[in-house]
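Engineer: Right, I'll just put the structure down here and ask away after.
The values are calculated or read from the model by the stated rules, or taken from the named source; none is laboratory data. Keep in mind the model is a prediction, meaning the values are calculated, not measured. FYI the Cβ positions are ideal-geometry reconstructions off the backbone, even for glycines, and counts take in every protein chain you see. Heads up: the accessible areas ignore ligands, DNA and RNA and are worked out on the full protein's heavy atoms, side chains in. Shrake-Rupley method; radii C 1.70, N 1.55, O 1.52, S 1.80 Å.
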Amino acid sequence: MEFTSHMGLALEEARAAAARGEVPVGAVVLGPDGTVLARAGNRVMADHDPSAHAEVLAIRDACKRLGSERLVGCSLYVTLEPCAMCAGLIGQARIARLYYGAHDPKSGGVMHGARVLSQPQAHHKPEIYDGICEMEAAYLLRDFFEAKRG
């Protein structure tokens, strides 16, 4: 099977989140056969919910669609390195492959900070691919925060 990146869909979700005034992060869950199961952008402010990160919303929707609390064989694309909360959820959901764009040295929980999925206590360790459309994802975030400060 040929690899096809779905980061473009995650970036669309991130841009839509930014347009709503949310931090521009987007996520897409693919089924084992490569079909899109769910996609979401951050809705923390809109939902008044600190857990309404793009990854959480997309994983919840994908689980509902499959009728399962596990996403075995599924892939997750997200524009920013997941935080510790989202990394824990990725492990609990048994996501097979994580693809992310920009690194997050300040709040990341995969390659930085807590490194949740690398801990000996982690019950599941997905394959991790970083730097997918990294510059575009990083520019979205930079531009968003510069506009907020401006």
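Engineer: Which ones in the stretch 66-90 are closer than 14 Å to residue 115 by Cα and open to solvent by 10 Å² or more (accessible area, probe 1.4 Å)?
Structural biologist: Of everything in the stretch 66-90, those that are closer than 14 Å to residue 115 by Cα and open to solvent by 10 Å² or more (accessible area, probe 1.4 Å) turn out to be 83, 84, 85, 88, 89.
Engineer: Here's something else I'd like to know. For residue 32, all conditions in the list (1) in a loop (DSSP other than H, G, I, E, B); (2) surrounded by fewer than 17 Cβ atoms within 10 Å (Cβ to Cβ); (3) touching a strand residue (DSSP E or B) at 6+ places or on another chain (Cβ under 6 Å) hold save one; what is the number of the exception?
Structural biologist: With respect to (1) in a loop (DSSP other than H, G, I, E, B); (2) surrounded by fewer than 17 Cβ atoms within 10 Å (Cβ to Cβ); (3) touching a strand residue (DSSP E or B) at 6+ places or on another chain (Cβ under 6 Å), residue 32 is out only on (3).
Engineer: Further question on the same structure: List pairs: first residue in the stretch 78-93 and touching a residue at least 40 places away in the same chain (Cβ under 8 Å), second residue surrounded by 20 or more Cβ atoms within 10 Å (Cβ to Cβ) and in a strand (DSSP E or B) anywhere in the structure, Cβ distance under 6 angstrom, at least six positions apart or on different chains.
Structural biologist: Close Cβ pairs satisfying both conditions: 78/27; 78/100; 79/26; 79/101; 80/102; 81/100.
Engineer: Just the residues that are part of a helix (DSSP H, G or I) and either within 26 Å of residue 36 (Cβ to Cβ) or touching a helix residue (DSSP H, G or I) at 6+ places or on another chain (Cβ under 7 Å) (or both), please, taken from the stretch 80-129.
Structural biologist: 84, 85, 86, 87, 88, 89, 90, 91, 92, 116, 117
Engineer: Looking at 72, 110 in this structure, which one is in contact with a Pro (Cβ under 6 Å, 6 or more places away or on another chain) and free of Cβ contacts under 8 Å to residues at least 60 places away in the same chain?
Structural biologist: Sole residue among the options that is in contact with a Pro (Cβ under 6 Å, 6 or more places away or on another chain) and free of Cβ contacts under 8 Å to residues at least 60 places away in the same chain: 110.
Engineer: Okay, moving on. Could you count how many residues in the stretch 55-74 are over 17 Å from the mean Cα position of the chain (by Cα) and part of a loop (DSSP other than H, G, I, E, B)?
Structural biologist: Selection size over the stretch 55-74: 3.
Engineer: Out of everything in the stretch 35-46 that is in contact with a Lys or Arg (Cβ under 7 Å, 6 or more places away or on another chain) and assigned to a strand (DSSP E or B), what residue ends up being least open to solvent (accessible area, probe 1.4 Å)?
Structural biologist: Within the stretch 35-46, the match that is least open to solvent (accessible area, probe 1.4 Å) is 38.
Engineer: Yes or no: residue 109 buried (at least 19 other Cβ atoms within 10 Å of the Cβ) and in contact with a Cys (Cβ under 7 Å, 6 or more places away or on another chain)?
Structural biologist: Judged against the criteria, residue 109 is a match.
Engineer: Counting just the residues of the stretch 1-29 that are among the charged types (D, E, K, R) and open to solvent by 30 Å² or more (accessible area, probe 1.4 Å), which one comes out modelled with the lowest pLDDT?
Structural biologist: Out of the qualifying residues, it is 2.
Engineer: Now for a separate question. Taking only the stretch 99-122 into account, find how many residues are of a type in the set (Gly, Ala, Ser) and touching a Phe, Trp or Tyr at 6+ places or on another chain (Cβ under 6 Å).
Structural biologist: 0
Engineer: Tell me whether the stretch 41-58 contains one or more residues that are more than 20 Å from residue 145 (Cα to Cα), basic (Lys, Arg) and at pLDDT 95 or above.
Structural biologist: No - not one qualifying residue is present in the stretch 41-58.
Engineer: Sticking with this one: Of 104, 61, 49, which residue is without any contact (Cβ under 8 Å) to a residue 60 or more places away in the chain, open to solvent by 50 Å² or more (accessible area, probe 1.4 Å) and acidic (Asp, Glu)?
Structural biologist: 61
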